[in-house]
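Engineer: Following this message is one structure expressed as structure tokens.
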Amino acid sequence: MTTTTASLRLAGIRKSFGATHALRGVSFDIAPGEVHALIGENGAGKSTLMKILSGAHRADAGTMELAGRPYLPESPHDARLKGVAMIYQELNLALHLSAQENILLGDESARGGWINRAASHERARAALAQLGHESLDLGRPAGRFSIAEQQVIEIARALLKQPKILIMDEPTSSLTQADTEKLFATIGRLRAQGVGVIYISHFLEECRRIADRYTVLKDGETVGTGEMKDATLDHLVTLMTGREVKDLYPRTAHATGAVVLEVKAAVSAPRLKRASLQLRAGEIFGLGGLIGAGRTDLLRAIFSLDGLVAGEVCVVGEAAGRATPRDRWAQGVGFLSEDRKEEGLMLTQSVADNLTLTKQDRFGRLGFINGRRQRATAQRWVDELRVKCRDAAQPIGELSGGNQQKVAFARLLEHPAKIFLLDEPTRGIDVGSKAQIYQLIGDLAAAGKAVVVVSSYLPELLGLCDTIGVMCRGELVTVRPRAAWTEAGIMRVATGGAE
Amino acid sequence: MKAPLRKIFVKGGPFFGLILVVAFFAIAVPLVSKGGGDFLTYHNFKMIFTQTVLVAIGALGMTMIIVSGGIDLSVGSTIAFTSVIGARLLQHDWPTGVAVLAMGAGGALIGLFNGVLIAGLRMVPFIVTLGTLLIVRGTTKWLANNQAVNYPTQAQMEAHPDWHSPIIDWMTTDDPFSKALPVGVWTVVVLAVLTALLLRRTVFGRHIFAIGSNEQTARLCGLPTVRIKLMIYTLAGALFGLAGMFQLSRLHGQGDPTAAAGLELDIIAAVIVGGASLSGGVGTILGSMIGALLMAVLRTGTQAMEWPNEFQEIIIGTVIIVAVYFDRLRQGRES
């Protein structure tokens, strides 16, 4: 039945970025008044698909139909005009403008350039009433509403264009349980008004509650679709993760020793709610969980980039208490950022400077740097890790992602660190560099160093780590030896399901 | 433009610009000037170099600040402030050496104040130094009772008819070694070499670049970013204070509380023309010195062409915009 009344239908959508095939033939349809959950692991192709739907990208191949007519959005604005609106995970509000101004932004009620205040108020009020939130104070600046209320404002803005399809990307990731309930009520109203809602979420329990149907993406393909009432949690998880694990992970023999780092009930603002762990020498400790579950926040708290609100981080053998990143380096803790461009590297500076930034004074005396010695040191790592660059003096921004990552990693090796905090160490790099980094991590453990690896890629966690802890909504929920984990098990804990 | 050609243009831009402008005036001035004067004369170049001194010393400090990703608008006021302080001290018969030190220290103190607000309290450099621009200018006028501070005073002249401070001669008398250029010019050369060494060869210098290139990375790598920024603004302030000293000698014994108003804009322009990027992480002392020189050549050249003052301003404004366009090209290349 749904196929004949489809509001939006996609068939055979393909999209490549360079050599990467992000989408390899995705099909999908949604009826008016249907809530359709789109499910998949990080990197399965959900965001690319949504960007194509909302007009930010164009598909390489495939067809899209909206209400029976070909649908080819030129831009996000065009998509909105045609009836497809998107609510991003990161909300897009002008925080200094009032709720009313935000709702009408770009579509003001005006005559000859003058805002018609009465009409503006009326339209904004009507949009909110449609959502059951007519009591919202329209005059208050958007920045002074809670995240949940801001979300309502953004949905109200989308409603002004009378959308046929509303896409919501991880709408509950920063909502409390009570606000999630209110959001579900709002979605219920939209459904009753005939709007098709595409609901993207990692939280499978929520999807099961709110959605009528589901589609699962994996590696850029549709691997399953059906009625939600027929689907079990296990079935969905199997669809998401069912893949063969390639043997990329050479296991170097290593034994774990004494505890070198202890985290006791650490809490940091805004996301880390509670985490405790013990890290041993020669141990590779994996941190799994969804994006935004607080894994990066935990590493930042350990490294003192974010201050602790409560709890304790203790490097064994060092004074406890407040520390700075500078102290952590001095204690032999090194941090590899997940964001090379914004945080990890100085793109305008040389490979050598990037590699030696934590301890430049060792390359000379009296505050002067012996450039030749510094470059020679960097060159040794360039050779050893087979970094492709002209020489150590080349600006690092000119290197490929994989080579940049090797230099960023070498910074920790050169320092040298004994506790390695690695945040998504293989993100966005080629397979060759990946294998090399796995080998490096294995060698470190064999040499008695302690390593924490954050990864969103489950085979990587299971292939590489001795111990795996899974985080969900800011809490480190479960820590177990690798042998006690499966991909489905990690996914279940990460998505907030019971064990 | 093809990539290699563009690269040469971008990298050597300021230098080519300078050569181009000098060549233009060398050909055009003899053709146009009613006096039939030559542009490439010793006298002209001495004038150009001497005129560059204030902007050049200011540009040394400003290069450090801009490379670190900051900005300082209070330079003109700082120069006036220390020149008035210097004049006051000399009026009270303080030794020249002490007066020089006091001027440097006065500038450093203002820099430290800026640094505390910017690094310590994490306020925006543009706004903080816009504030100090006014505070320091006002303080200077107050200290000088709203009029020029003349030294020696009438009383000093009567008591010691042969009263003389060497400061008066530093922008005029030919230099002690070869009788070719004033002390001020040689001071710039020495300070430029020292600052260039500091930026390129020391740990502190690398850290300045690191903060300007990516402050997050600097923090992640354990650099004491607050302390480094304090040092940058303080050191730059000391240089601005010394520029005030040459302002004092340029006016032959007068500390003028209204002097050097707006000079910070010339200084920032020189640094940007010299290839530094306002987004930080990029810049050289050599480039900034060429930039400072370019501004002075433009001024002297347009005068020699007997073009009216207003055209000078239009031309210099155009040069700044062209330089900023090169800055954009450079950033385009990196991203």
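What follows is calculated from the coordinates using simple rules that are stated; it is not laboratory data. Here the structure is a predicted model, which is why all the values come from computation and not from measurement. As a convention, Cβ positions derive from the backbone with ideal geometry for all residues, glycine included, and neighbour counts pool all protein chains shown.
Engineer: Using +1 at the C-beta of Lys and Arg and -1 at the C-beta of Asp and Glu, which of A:TYR438, B:THR41, A:ALA31 has the Cα lying farthest in the positive direction of the dipole of the protein assembly as shown?
Structural biologist: A:TYR438
Engineer: At q = 0.08, 0.10 Å⁻¹, what base-10 log of I(q)/I(0) does the Debye formula yield for the protein assembly as shown when every alpha carbon is treated as an equal point scatterer in vacuo?
Structural biologist: Taken in order of the listed q values, log10 I(q)/I(0) reads -0.89, -1.17.
Engineer: Okay, next question. Pull up the DSSP beta bridges for the stretch A:259-494 and report the antiparallel fraction as a percent, rounded to 5.
Structural biologist: 50
Engineer: Another question about this same structure. Compare the peptides B:159-166, A:82-89 by average per-residue count of other Cβ atoms within 10 angstrom and give them in order, highest first.
Structural biologist: Packing proxy ranking, top to bottom: A:82-89, B:159-166.
Engineer: At what distance in nm do the modelled label points of B:ARG227 and A:ARG274 sit from each other, each positioned 7 Å from its Cα along Cα→Cβ?
Structural biologist: 3.9
Engineer: Might you report the magnitude of the Cβ-based charge dipole of chain A about its Cα centre, with Lys and Arg at +1 and Asp and Glu at -1, to the nearest 20 debye?
Structural biologist: Details: 62 positive and 57 negative charges, 164 e Å.
The calculation lands at about 780 debye.
Engineer: Give the Kirkwood hydrodynamic radius (Å, one decimal) of the stretch A:259-494, defined as one over the mean of 1/r across all pairs of different Cα atoms.
Structural biologist: Kirkwood hydrodynamic radius for the stretch A:259-494: 18.1 Å.
Engineer: Of A:GLY344, A:GLY196, A:LEU53, whose Cα points farthest to the positive end of the dipole of chain A (charges on the beta-carbon: +1 Lys, Arg; -1 Asp, Glu; origin at the Cα centre)?
Structural biologist: Of the listed residues, the answer is A:GLY344.
Engineer: Calculate the spin-label point distance for A:GLU342 paired with A:LEU97, positioning each point 7 Å from the Cα along the beta-carbon direction, and give it in nanometres.
Structural biologist: According to this spin-label approximation, the distance is 2.3 nm.
Engineer: Antiparallel as a % of all DSSP beta bridges within the stretch A:8-241, to the nearest 5? Let's see the in-between values first.
Structural biologist: On the way: 24 of 41 bridges.
Of those bridges, close to 60 percent are antiparallel.
Engineer: Once label points are set 7 Å from the Cα along Cα→Cβ at both A:GLU221 and A:TRP114, what is their separation, rounded to one decimal in nm?
Structural biologist: Distance between the two pseudo-spin positions: 6.3 nm.
Engineer: Pop the C-beta distance of B:LEU329 and B:GLU158 into the FRET formula with R0 = 56 Å and round what comes out to the nearest 0.05.
Structural biologist: The pair B:LEU329/B:GLU158 has a calculated efficiency of 0.35.
Engineer: Also: Among A:ALA142, A:LEU279, A:GLY132, whose Cα lies farthest out toward the positive end of the dipole of the protein assembly as shown, if unit charges sit on the beta carbon of Lys, Arg (+1) and Asp, Glu (-1)?
Structural biologist: A:LEU279
Engineer: Suppose R0 equals 25 Å. What FRET efficiency, 1/(1 + (r/R0)^6) with r the Cβ-Cβ distance, do A:SER16 and A:GLN162 give to the nearest 0.05?
Structural biologist: Working: r = 34 Å, r/R0 = 1.37.
Working from the Cβ atoms, E equals 0.15.
Engineer: Which order do the peptides B:123-129, A:229-235, A:74-80, B:82-88 take when ranked by the mean count of other beta-carbon atoms within 10 Å per residue, highest first?
Structural biologist: Working: B:123-129: 17.7, A:229-235: 13.0, A:74-80: 15.3, B:82-88: 27.4.
Descending packing order for the listed peptides: B:82-88, B:123-129, A:74-80, A:229-235.
Engineer: Moving on. Report the Stokes-Einstein translational diffusion coefficient (µm² s⁻¹, integer) for the stretch A:8-241, Rh taken as the Kirkwood radius over Cα pairs, at 4 °C with viscosity 1.567 mPa s.
Structural biologist: 71
Engineer: Further question on the same structure: In whole Hz and in residue order, list the ³J(HN,Hα) couplings for the stretch B:154-162 that follow from phi through the Karplus curve 6.51 cos²θ - 1.76 cosθ + 1.60, θ = phi - 60°; x for Gly and Pro.
Structural biologist: 3, 4, 4, 4, 5, 6, 10, x, 9
Engineer: Using a/c under 1.5 as the rounded threshold, could you call chain A rounded, prolate or oblate? The axes a ≥ b ≥ c are square roots of the C-alpha gyration tensor eigenvalues, and prolate needs a/b larger than b/c, oblate otherwise. Before the final figure, lay out the partial values.
Structural biologist: On the way: a/c = 1.85, a/b = 1.69, b/c = 1.09.
Verdict is prolate for chain A.
Engineer: Which helices count as membrane-span-like in chain B under these terms: full DSSP H, at least 18 Å along the axis by C-alpha, Kyte-Doolittle mean of 0.5 or more?
Structural biologist: B:3-32, B:42-67, B:75-91, B:96-115, B:125-143, B:183-201, B:225-250, B:285-304
Engineer: Taking the Cα centre of chain B as the origin, how large is its charge dipole in debye, to the nearest 20, when only Lys and Arg (+1) and Asp and Glu (-1) carry charge on their Cβ atoms? Before the final figure, lay out the partial values.
Structural biologist: On the way: 22 positive and 17 negative charges, 292 e Å.
Computed about the Cα centre, the dipole is about 1400 debye.
Engineer: Also, quick follow-up: Around B:GLY58, what is the net charge, scoring Lys/Arg as +1 and Asp/Glu as -1 over all other residues with Cβ under 13 Å from its Cβ? Mind dumping the intermediate values first?
Structural biologist: Numbers: positive: none; negative: B:ASP72, B:GLU264, B:ASP266.
Within the 13 Å Cβ shell, the charges total -3.
Engineer: Give the shape of the stretch B:243-335 as rounded, prolate or oblate, defined through the alpha-carbon gyration tensor: a ≥ b ≥ c are the square roots of its eigenvalues, a/c under 1.5 means rounded, and otherwise the shape is prolate if a/b is larger than b/c and oblate if not.
Structural biologist: oblate
Engineer: Taking amide H positions as placed in the peptide plane 1.01 Å from N, state which residues far from A:GLY224 in sequence (5 or more) or on other chains have amide H under 5 Å from it.
Structural biologist: A:VAL216
Engineer: Right, another one. From other protein chains only, count the Cβ atoms within 10 Å of every residue's Cβ in A:317-325, then give the mean.
Structural biologist: Whole-number average of other-chain Cβ neighbours for A:317-325 is 1.
Engineer: Then there's this: Which value, in debye to the nearest 20, describes the size of the charge dipole of the protein assembly as shown about its Cα centre when Lys and Arg Cβ atoms bear +1, Asp and Glu Cβ atoms bear -1, and nothing else is charged? Walk me through the numbers on the way to the answer.
Structural biologist: Numbers: 84 positive and 74 negative charges, 205 e Å.
Dipole of the protein assembly as shown, to the nearest 20 debye: 980 debye.
Engineer: Would you mind counting up the charge near A:GLY106? Only other residues with Cβ under 15 Å from its Cβ, with Lys and Arg at +1 and Asp and Glu at -1.
Structural biologist: Summing Lys and Arg as +1 and Asp and Glu as -1 gives -1.
Engineer: If you take every residue apart from A:VAL195 with its C-beta less than 10 Å away from the C-beta of A:VAL195, what net charge results, scoring Lys and Arg +1 and Asp and Glu -1?
Structural biologist: Every neighbour counted, the sum reads +2.
Engineer: To continue, here is another question. Restrict the search to the stretch A:199-308; then list the GluC sites (Glu not before Pro) that DSSP places in a loop and that have at most 14 other Cβ atoms within 10 Å of their Cβ.
Structural biologist: Of the GluC sites (Glu not before Pro), the ones in loops of the stretch A:199-308 whose Cβ has at most 14 other Cβ atoms within 10 Å are A:GLU244.
Engineer: What is chain B by shape, rounded, prolate or oblate, if you read a ≥ b ≥ c off the alpha carbon gyration tensor as root eigenvalues and call it rounded for a/c under 1.5, prolate for a/b larger than b/c, and oblate otherwise? Before the final figure, lay out the partial values.
Structural biologist: Details: a/c = 1.94, a/b = 1.11, b/c = 1.74.
It comes out oblate by the Cα gyration axes.
Engineer: Only bridges whose two residues both fall in chain A count here: according to DSSP, what percent of them are antiparallel, nearest 5?
Structural biologist: Antiparallel bridges make up about 55 percent of those DSSP assigns within chain A.
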